[in-house]
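The values are calculated or read from the model by the stated rules, or taken from the named source; none is laboratory data. Owing to the predicted nature of the structure, the values given are computational and were not obtained by experimental measurement. No Cβ is skipped: glycine too gets one built from the backbone with ideal geometry, and neighbour counts run over all protein chains shown. Ligands, DNA and RNA are excluded from the accessible area calculation, which covers all protein heavy atoms including side chains. Shrake-Rupley method; radii C 1.70, N 1.55, O 1.52, S 1.80 Å.
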There are 4 protein chains.
Amino acid sequence: MSIALSGDMDEVHYSGSNAGVLPTDTAKNTVYAFAKEHGIDSAEQFGMRLARHFVTSQPGLRRARVQVEEHAWERVETTGPTCHSFVRSGRETRVGRIGYDGERWEIVSGLQDLTVLNSTDSEFRGYVKDAYTTLEETSDRILATEISARWRYRWSRDGEPAPDWDRAYERARTNILRAFAGTYSRSLQQTLYAMGSHVIERSGGEGGEGGEVDEIRLSLPNKHHFLVDLTPFGLTNDHEVYLAADRPYGLIEATVLRAGAPARIPADLLRDR
Amino acid sequence: MSIALSGDMDEVHYSGSNAGVLPTDTAKNTVYAFAKEHGIDSAEQFGMRLARHFVTSQPGLRRARVQVEEHAWERVETTGPTCHSFVRSGRETRVGRIGYDGERWEIVSGLQDLTVLNSTDSEFRGYVKDAYTTLEETSDRILATEISARWRYRWSRDGEPAPDWDRAYERARTNILRAFAGTYSRSLQQTLYAMGSHVIERSGGEGGEGGEVDEIRLSLPNKHHFLVDLTPFGLTNDHEVYLAADRPYGLIEATVLRAGAPARIPADLLRDR
Amino acid sequence: MSIALSGDMDEVHYSGSNAGVLPTDTAKNTVYAFAKEHGIDSAEQFGMRLARHFVTSQPGLRRARVQVEEHAWERVETTGPTCHSFVRSGRETRVGRIGYDGERWEIVSGLQDLTVLNSTDSEFRGYVKDAYTTLEETSDRILATEISARWRYRWSRDGEPAPDWDRAYERARTNILRAFAGTYSRSLQQTLYAMGSHVIERSGGEGGEGGEVDEIRLSLPNKHHFLVDLTPFGLTNDHEVYLAADRPYGLIEATVLRAGAPARIPADLLRDR
Amino acid sequence: MSIALSGDMDEVHYSGSNAGVLPTDTAKNTVYAFAKEHGIDSAEQFGMRLARHFVTSQPGLRRARVQVEEHAWERVETTGPTCHSFVRSGRETRVGRIGYDGERWEIVSGLQDLTVLNSTDSEFRGYVKDAYTTLEETSDRILATEISARWRYRWSRDGEPAPDWDRAYERARTNILRAFAGTYSRSLQQTLYAMGSHVIERSGGEGGEGGEVDEIRLSLPNKHHFLVDLTPFGLTNDHEVYLAADRPYGLIEATVLRAGAPARIPADLLRDR
């Protein structure tokens, strides 16, 4: 978890007066105390409680941004009656950033390190050729990437019905995976757009839940899998043996917006943990 | 994957003659070619094939050690007919080290980064007190660790019935988790011994499968969870809010042997990836 | 090195047409070929050459951003005549980001991982106290941080006299260190401002060199050093034994601008490598 | 720093009795208290003090191993009188492992992460060719590696004159670098042997200083630099443009012993931090 506070901070920089400074140590203590006093429903809700506290309790603080990470645990299956043993389920990390300025909320949820691979239904052809081109076109390649995604909910004001954060997360995650699995890919860019538009279009929720997503940003490293040339050894590589290269790699990034919505997720947030 | 070759290498060091040196590049090519020619049944079997090749094909090479890592993938659940999409399942990494000297095999399998936590049934009391002791005893603590384990199979010779490596791995993994979940813990050392002896005692396999484990080494960092003192804020911490500290930490390591078996797993193998 | 290209990319996302896509592989080849054809004077100049090439040679590419890292090497001192041996000098990494849109340049240089420590002349007092405060004020503490900095040069157009990039880098680096060493610190915020304003005010260069810095952004993790309480052992800790904690930590970030200059360095660039 | 204690630990594993267990927390406190009470002359001496304390003060503890790391700092050059500002000098990390069993000492010093490169005077020819060979011989290549080294001093008993640890470290480091710079290399193995034998043969020290080195182990990843093929672009690469590959790589490891000395540095210590 990280907490960013900003506001009227001229004096601390110019004269060294700390009269408006809330120390890191106090922010840390506040997190502990709030965990006890209020418990934790979801990462988003806990972050909102903290953001509201900092902005409303310190006059010079104008904006708070709280970033949270949530790791999943599963119960260990046992033959006996024990039910207090857990094993970390490491498939991905759920993240969130809660922004508050005393009036409006900006809730960005997302995920990190979700590694996916399509073993076929991917090609890469028809690209620009110039004097420096050596890459050969392929009509059947492995497409692999490690998904980082951040989506921003439309919800922004107390009083409006807020999303169910856990259900909204699951819905976005499912839509991202379904788009990845269901798209015949002509490029990772095209797959990215399919993921993003899936999330935007299918984020409605049932019964006016308020979980609409207005913006999503995706960062997709192209984890190139190169066919190994086996001809020096008298063998034919019929799409069986690949080198999973890690450098250099292409990094495809883009924001998909609902028509009319503003772009507010900074380009670099997806690398900021 | 890493491949270590050793043997008659005096000249390369003394005179600079490379007549006995198999280059890294050739070892890499061999891996690719074998993947195509022979396929991969299990990490252990693929490593054995490579080790045998290097030791038997080069006169000066006396011993080969092949280390392998295996990551798990799951299919992406979709509503349609696609079945070529996978998502990385990151709970732990399966590892193996295959040793061969032309006559005897030494197969060590294991796992890395399996993070587990018991939320109760753990205490730590009755330890040494000296002039530098400040730690207070506790009769109810969180016990958490990140399991690294390596176990050595008794099997060592061609001609003897070899284990089913995948089933033997699953059996060892299950026994480790069951011992962790089922042990009331007076120390992480005691829990370690329970894990290790579980694996040794229950590794038999059905029908003389040959998967007996003679030795297991475990390395368990004590991922301390400290109760946060909430009294300065007028709150009582009834085992609810913990600080998951990461430094300094205790690291508990030991080897558990079947009676009469030699200890062959080097102490540092568990940090060697 | 990383290269980011953007422009008219609608079709690749919508229809999967790759007619405007320059593959990663081609960008890589271009870097190799340019290294041979043009050599490397400074990181900035090499990045500029690449940025200009991409924007001017591909009609659909509107903007290029090239990020570079430069590591320092020193010659190995020997007694003999050899002069082809080098040892990596790892004090910090020099970085740069070159932006070009076909008309204007935006050159941001900087450094990463420059770890510094003041053993005295640092205090932290007079900060906000609330119900969650437990931190005690101190009038003599260790101040340590790992400096990340990015500064933007005023220079932006071909035809204007460009800075000497190497000299401008050295000047900024020296000013940052001098400000750190010469400031009696009431907070890390105040020290940050001293560093930033030093760079802005002293970036002129001699003889109209064009190396003026209009903006600098600094990111300074507060590497807290806590006095260890030795009283349980009958000892007095007279500012001698510290715990160099790494979590939680305060992260102080700010941009210092020349009067009238716009802020263009994104907040998260300093974590984007 | 890490501290490993071993001895009569049967009961803690079998019955869960902690009567012989010195908690991690106490070991940590001891480090703090000793830093105050005794100060730190060199990493080795501080480690020895701790090792002696643990072995002699706890009846069940038979052996202690203390591992230390030492990072270098330089003073910041300023124009004024300040002399309390330091900048981390990151060229390498100095490490040590102090072993003690109540009678004999085993002092292993070393270094990590010393990256070096020879731009010429390196070849690789005359190696084994088999069906999987594609690598071409070269009579002029770049040789680069990241040196990990551990050397064991002959000194082992109180009463014998002990080395000056700082001078002995500098001597070994200088000998390693000189051997690297001064050897025309036919293979990294040969260069390794030159480094190791240099250290063994020139470790005498002046005036019976006791700093003789009996054993040294080196681990040298071959940081391959491959000539990039520029012919597709109509260019000739005259040993100017290289790809600094990082995978796969060869790892050359060996121990060099003084005639008659036993090998005691475990193969995996160099990866154990």
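Residue check: residue D:137 meets all listed conditions (1) more than 30 Å from residue A:235 (Cβ to Cβ); (2) touching a residue at least 12 places away in the same chain (Cβ under 8 Å) but one, namely (1).
Applying a threshold of 9 Å to beta carbon distances and a minimum spacing of six or more residues, or different chains, the list of pairs starting in the range C:150-175 at a residue that is without any contact (Cβ under 8 Å) to a residue 24 or more places away in the chain and ending at one that is of a type in the set (Asp, Glu) and part of a loop (DSSP other than H, G, I, E, B) reads C:174/D:77. Considering the conditions (1) within 16 Å of the chain's Cα centre (by Cα); (2) more than 21 Å from residue B:27 (Cβ to Cβ), residue D:228 is excluded by exactly one of them, (1). If I filter the range D:206-220 for residues that are farther than 22 Å from residue D:98 by Cα and either buried (at least 17 other Cβ atoms within 10 Å of the Cβ) or of a type in the set (Ser, Thr, Tyr) (or both), do I get at least one hit? The answer is yes; a qualifying residue exists. Of the residues making up the range C:178-189, those that are under 19 Å from the mean Cα position of the chain (by Cα) and free of Cβ contacts under 8 Å to residues at least 60 places away in the same chain are C:178, C:179. A count restricted to the range C:23-41 and to residues that are outside any helix (DSSP H, G or I) and out of contact with any helix residue (DSSP H, G or I) (no Cβ under 9 Å at 6 or more places or on another chain) stands at 1.
Summed over the range B:120-148, the residues that are within 24 Å of residue B:92 (Cβ to Cβ), touching a Phe, Trp or Tyr at 6+ places or on another chain (Cβ under 9 Å) and surrounded by fewer than 17 Cβ atoms within 10 Å (Cβ to Cβ) give a count of 1.
Of the residues making up the range D:1-15, those that are open to solvent by 50 Å² or more (accessible area, probe 1.4 Å) and part of a loop (DSSP other than H, G, I, E, B) are D:1, D:8, D:15.
Of the residues A:22, A:50, A:5, the single one that is farther than 30 Å from residue A:170 by Cβ and more than 7 Å from every other protein chain (Cβ to nearest Cβ) is A:5. Mind checking whether some residue in the range D:57-75 is surrounded by fewer than 20 Cβ atoms within 10 Å (Cβ to Cβ), facing another protein chain (nearest Cβ under 8 Å), touching a residue at least 24 places away in the same chain (Cβ under 8 Å) and on the phi < 0 side of the Ramachandran plot? Yes, that holds for at least one residue. Check the range B:86-105 and report whether any residue there is of a type in the set (A, V, I, L, M, F, W, C) and within 14 Å of chain A (Cβ to nearest Cβ). Yes.
For every residue, the table says whether it meets (1) within 13 Å of chain C (Cβ to nearest Cβ); (2) charged (D, E, K, R).
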| residue | (1), (2) |
| --- | --- |
| A:215 | no, yes |
| A:221 | yes, no |
| A:225 | no, no |
| A:228 | no, no |
| A:233 | no, no |
| A:240 | no, yes |
| A:243 | no, no |
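Filtering the range C:107-119 to residues that are open to solvent by 40 Å² or more (accessible area, probe 1.4 Å) and more than 7 Å from chain D (Cβ to nearest Cβ) leaves only C:113. Inspection of the range C:196-206 identifies at least one residue that is touching a Pro at 6+ places or on another chain (Cβ under 9 Å) and not polar (S, T, N, Q).
Scanning the range A:122-160 for residues that are β-branched (Val, Ile, Thr), within 14 Å of chain B (Cβ to nearest Cβ) and part of a loop (DSSP other than H, G, I, E, B) turns up just one, A:142.
The single residue among D:24, D:79 that is open to solvent by 20 Å² or more (accessible area, probe 1.4 Å) and touching a Pro at 6+ places or on another chain (Cβ under 8 Å) turns out to be D:24.
How many of the residues in the range D:34-47 are within 9 Å of chain C (Cβ to nearest Cβ) and either in contact (Cβ under 8 Å) with a residue 12 or more places away in the chain or aliphatic (A, V, I, L, M) (or both)?
Qualifying residue count, the range D:34-47: 1.
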